[in-house]
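For reference, the structure discussed in these notes is given below.
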Amino acid sequence: LASVEKEKQRWEKEKSQLKASIEENKERMLKLESYWIEAQTLCHTVNEHLKEAQAQYQVLEKKYNKAKKLIKDFQQK
């Protein structure tokens, strides 16, 4: 009977350790999930900035090519 009681105590201790481990893992998962969402938001923001920069670059490139053409035309006259 004593050995059964000892075994029961061991199981109870292991059970509580497993419960604590589960709770710790849940907390870590929630933290990682929030980091993941934050990273996705940051990527989206950076992507939007990149699109804006690309659009500005295209506008400036067109202006540059137009100015280059005007200078060339002016030099030929």
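The values are calculated or read from the model by the stated rules, or taken from the named source; none is laboratory data. For clarity, every value in this text was computed on a predicted model and none was experimentally measured. Quick reminder, even Gly has a Cβ in these numbers, built from the backbone with ideal geometry, and neighbours come from all protein chains shown. Accessible surface is based on the protein model in full, side chains and every heavy atom, while ligands, DNA and RNA are left aside. Shrake-Rupley method; radii C 1.70, N 1.55, O 1.52, S 1.80 Å.
Give, to the nearest whole percent, the P(r) tail of the chain beyond 18 angstrom, counting all Cα pairs. In whole percent, the share of Cα-Cα pairs in the chain beyond 18 Å is 73. For the stretch 25-60, the residues whose amide N sits under 16 Å from a probe point set 7 Å from the Cα of Ile71 along the beta carbon direction are 60. Probing with 1.4 Å while keeping every protein chain in the model, the per residue accessible area of the chain equals 103 Å². Between Glu12, Glu48, Glu23, the residue with the greatest mean-square fluctuation in the GNM of the chain (Cα pairs under 10 Å linked by springs) is Glu12. Between the helical axis of 2-76 and the longest alpha-carbon principal axis of the chain there is an angle of about 0 degrees. Rolling a 1.4 Å probe over the protein chains gives Ile37 an accessible area of about 90 Å². Estimated from helices alone, the mean residue ellipticity of the chain at 222 nm is -37000 deg cm²/dmol (sum of -39500 (n - 2.57) over DSSP H runs with n ≥ 4, per residue).
Computed with a 1.4 Å probe over protein heavy atoms only, the accessible area of Leu30 comes to about 110 Å².
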